[in-house]
1. Modelled label-to-label distance, ARG7 and ALA99, 7 Å Cα→beta-carbon offset: nm?
2. Report the GluC sites (Glu not before Pro) located in region 1-107 that are in a DSSP loop and have at most 14 other Cβ atoms inside 10 Å of their Cβ, or state none.
3. So what does the Cα-only Debye profile of the chain read at q = 0.16 Å⁻¹, as log10 I(q)/I(0), no solvent term?
4. Run the quick spin-label model on GLU84 and ASP34: label points 7 Å from Cα toward the beta carbon, then report their separation in nm to one decimal.
5. Please rank PHE130, PHE83, PHE69, fewest neighbouring Cβ atoms within 10 Å first, as an exposure proxy.
6. Using only helices, what value at 222 nm comes out for the chain when you add -39,500 (n - 2.57) per DSSP H run of length 4 or more and divide by the total residues, to the nearest 500 deg cm²/dmol?
7. Grab the Cα-Cα distance for PHE142 and LEU126, subtract it from 0.36 nm times how many residues apart they are, and report the gain in nm with one decimal.
8. For VAL64, what is the net charge nearby, where nearby means another residue's Cβ is under 13 Å from its Cβ and Lys, Arg count +1, Asp, Glu -1?
Amino acid sequence: MTPPRLRPAYDADERTQLVGWLDMQRAIIQWKCDGLSEADAHRSVLPASPYMTMAGVLSHLRWVEHLWFEVILMGRPAVGPRFEGPEDADMMVEGVPLAQLLAEYERQCVVSNEIVTARSLDEVGLHPDFRASAATLRWIMFHMIEETARHAGQADAIRELLDGGKGYY
């Protein structure tokens, strides 16, 4: 089931607003996948961007969450297709079922939110090999809202090109 697409309350505290806006963008990504066939989820609609599929965007966002919250902020090992494969390896998901990609994204978002809940917004990253570790959790949250919203817009266009499905919110 797709999570609700809810904006945070106007008077919510900073952390609640940051998590709320990110969760809303995450929910839009999941909503754009509702009812897609496996073939459509993996179908490229942009000739010059063969990995820009709904499944590819979903996988990319899963690995971006992992990168920023687990690797850069927490200092955990940089493992996975974003680090071990060719460029765009995190979007190369031909044959991976959409349901699996959605479940992996949802689990990663839960892990990310647990990390956010347990840390100060002023805390900086711990990974010694990434220059971006100088960013605070607050900066990372703003970046993840921007990153997820940008891909939500792409997902909106992809979905419309696939089957005419429209709607932002």
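Bear in mind that the values in this text are calculations on the coordinates, not laboratory data. Just so you know, these numbers come straight off a predicted model, no measurement behind them. Positions of Cβ are generated from backbone atoms using ideal geometry, with glycine treated the same way; all protein chains shown enter the neighbour counts.
1. 3.6 nm
2. Values: sites: GLU14, GLU38, GLU65, GLU70, GLU84, GLU87, GLU94, GLU104, GLU106; in loops: GLU87, GLU94.
Within region 1-107, the qualifying GluC sites (Glu not before Pro) (loop, at most 14 other Cβ atoms within 10 Å) are GLU87, GLU94.
3. Calculated log10 I(q)/I(0) at the listed q: -0.94.
4. 3.5 nm
5. PHE83, PHE130, PHE69
6. Working: 6 runs with 88 residues, N = 169.
When only DSSP H runs of four or more count, the value is -17000 deg cm²/dmol.
7. Details: separation 16, 0.36 × 16 = 5.76 nm, distance 1.83 nm.
Contour length minus Cα-Cα distance gives 3.9 nm.
8. -3
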